[in-house]
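Colleague: Structure in structure tokens, see below.
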Amino acid sequence: MNTLDALRRAIVLACCALPVACADETAARMAALNHLVGQPEQTLLQTMGVPTRSYDADGVKFLAYDERRVDIIPGTPGVGIWSAGAVPPQRIERWCETTFQVAQAVVQSFTLRGNACG
């Protein structure tokens, strides 16, 4: 097996492991957020901090928290003098907006939106 084949095999194995890690991360996030439902608004603020933005509609508050990050997926080197088969690094922007609905000073529910919420 040459070096390029070994590199490709390592990338495939790493990609196969990602869904398991993501599933664990999603479960942990959902458990933490579900724990806030039914809690006083003060507990939400102590846990999550000051929201990125908020909106009040007829006595119901919507508190939004934004998370953003940039992931770099490394490229792979090519073979030969002209670097045939080379793949450049990729920059992927990931974000998640968590919005809590608060009524009568109690967290009622939450929604997630984005490509990095789970």
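Colleague: What number comes out for the charge environment of His35, summing +1 per Lys or Arg and -1 per Asp or Glu over other residues with Cβ under 15 Å away?
Modeller: Computed value for this residue: 0.
Colleague: Can you check what the net charge comes to around Ile92, using other residues whose Cβ is under 14 Å from the Cβ of Ile92 (Lys, Arg +1; Asp, Glu -1)?
Modeller: Counting the neighbours of Ile92, the net charge comes to +2.
Colleague: What does the charge add up to near Val107, with Lys and Arg as +1, Asp and Glu as -1, over the other residues with Cβ less than 11 Å from its Cβ?
Modeller: Summing Lys/Arg as +1 and Asp/Glu as -1 gives 0.
Values quoted throughout were computed directly from the atomic coordinates according to the rules given, and no laboratory measurement underlies them. No experiment lies behind these values; they were computed from the predicted model shown. In this analysis, Cβ positions are derived from the backbone assuming ideal geometry, glycine residues included, and neighbour counts consider all displayed protein chains.
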